[in-house]
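The values are calculated or read from the model by the stated rules, or taken from the named source; none is laboratory data. Treat the numbers as computed from the prediction; the structure is a model and nothing was measured. Cβ sites come from the backbone with ideal geometry, for glycine too, and all protein chains shown count toward neighbours. Note: areas computed on protein heavy atoms with side chains; ligands, DNA, RNA excluded. Shrake-Rupley method; radii C 1.70, N 1.55, O 1.52, S 1.80 Å.
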Amino acid sequence: MVLVTVKWNKSSYQVDLAPELGVGAFKAQLFSLTNVPPERQKLMGKGAWAGILKDDADLTTCSINDALVVTLMGTADVIVSKPAGEVKFVEDMSAEERAKAGAELPSGLLNLGNTCYMNATVQCLRFVDGFKSLLSVHPLATQLQLLFDELDRSSAPVLPYRFLQTLRTFYPQFNEMKQGRYMQQDADEFFGALMSAITQNGMTPEFMRAIGLRMEETLTCTESAEEPVVKREEVVYKLVCNINGGAGASVVVDHLADGIKLGLEGTLEKRSDVLQRDSLWTKKQRIASLPSVLCVQFMRFFWRATPESRESAGSKCKILRAVSFTEV
């Protein structure tokens, strides 16, 4: 038995080395001291053996004495510490505790009569990282926070009655009824109302990082080369993807990028100071900054003018075309 010094990182150990027991026994000793697994240990002993000690080396033939200093290189295994709190098994938890721990499927929202537009949007926003921290002091935002908290605590479907009542109070368009029943509403219009409530005092830097987009817009008058080009910056919370297509369509969109690009360019009527009348302008938008989460609206409706009708100037029509979604 020889007492050797083993240095590992900044630590130093005095180890009784029995050459006749072999390299495996020596590495096992070092593992008990340093928690470095034998397969990761690289041992160097200047004057005792050449280079890194091999597992099949015969230590009895090495020059080992009490003055030997062995250098150990290798990464230790992480020792799992004892849990700080009390360990509780799933079967011993209440329904609320299981929901908070994520041991059950997320709870949903009950439909209160044509409220699928609201339920689907709320469920999507609930799982957006950092969204809860964006909620302002607006009553609708406050009720949304309370609804999120209730969903987090519950393992059963939740009745969003208070949130819906607040929505209809501040945004009466969602209170429309027909033949004694609440009318179906548009999810994008609800999303817009919610964003309006959250950003009532302006879009904070936190909101911009999470959802906001900064757009650069260029307007060029097509009827007068003397008209100065108008450049301006706009802040929005979504991009629009036009899903043009179907029978008779001049432009068919089959990819998200193509639909978004189509929505970034177009024409509009605007006052021309040079011509002293309304004229045709081309609009081009470019994305200046992107958020962490990109919201995209699939534009399923378009405005169709009806000059032959005496009752209305036009109507909102749905774009009829099949859209396939890949598995996520």
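Could you go through the stretch 173-181 and let me know if any residue there is within 24 Å of C295 (Cα to Cα), part of a loop (DSSP other than H, G, I, E, B) and modelled with pLDDT under 95. First the steps, then the outcome.
From the stretch 173-181, those within 24 Å of C295 (Cα to Cα) are 173-174; that's our starting set.
Okay, now just the ones that are also part of a loop (DSSP other than H, G, I, E, B), so none.
No, the conditions are met nowhere in the stretch 173-181.
With at pLDDT 75 or above, surrounded by fewer than 16 Cβ atoms within 10 Å (Cβ to Cβ) and at negative phi as the only criterion, which of N119, N65 stands out? Please lay out each step first, then the result.
Numbers: N119 fails: surrounded by fewer than 16 Cβ atoms within 10 Å (Cβ to Cβ).
None of the others qualify; the one that does is N65.
Are there any pairs, at least 6 apart or on different chains, whose C-beta atoms fall under 9 Å, with the first in the stretch 152-176 and over 15 Å from Q123 (Cβ atoms) and the second β-branched (V, I, T) and open to solvent by 80 Å² or more (accessible area, probe 1.4 Å), and if so, which?
From residues that are over 15 Å from Q123 (Cβ atoms), the pairs are N175/T169.
Kindly indicate the residue of the stretch 16-59 that is surrounded by 14 or more Cβ atoms within 10 Å (Cβ to Cβ) and basic (K, R) and also farthest from T75 (Cα to Cα) among those meeting that condition.
Checked the stretch 16-59; the qualifying residue farthest from T75 (Cα to Cα) is K27.
If we scan the stretch 207-222, do we find a residue that is modelled with pLDDT of 90 or more and touching a Leu at 6+ places or on another chain (Cβ under 6 Å)?
Yes, there is a match, as at least one residue in the stretch 207-222 is modelled with pLDDT of 90 or more and touching a Leu at 6+ places or on another chain (Cβ under 6 Å).
Find the residue count for the stretch 215-229, including only residues that are open to solvent by 80 Å² or more (accessible area, probe 1.4 Å) and not in a loop (DSSP other than H, G, I, E, B).
1
Considering only the stretch 169-186, state which residues are open to solvent by less than 50 Å² (accessible area, probe 1.4 Å) and either under 30 Å from R98 (Cβ atoms) or out of contact with any strand residue (DSSP E or B) (no Cβ under 9 Å at 6 or more places or on another chain) (or both).
If we filter the stretch 169-186 for residues that are open to solvent by less than 50 Å² (accessible area, probe 1.4 Å), which is where we start, we get 171, 174, 185-186.
Across the stretch 169-186, the qualifying residues are Y171, Q185.
Given the conditions (1) surrounded by 14 or more Cβ atoms within 10 Å (Cβ to Cβ); (2) β-branched (V, I, T); (3) at pLDDT below 90, and given that V251 satisfies all but one, which numbered condition is not satisfied?
(1)
Of the numbered conditions (1) open to solvent by 70 Å² or more (accessible area, probe 1.4 Å); (2) part of a helix (DSSP H, G or I), Q200 satisfies every one except a single condition; which is it?
If we test Q200 against (1) open to solvent by 70 Å² or more (accessible area, probe 1.4 Å); (2) part of a helix (DSSP H, G or I), just (2) comes out false.
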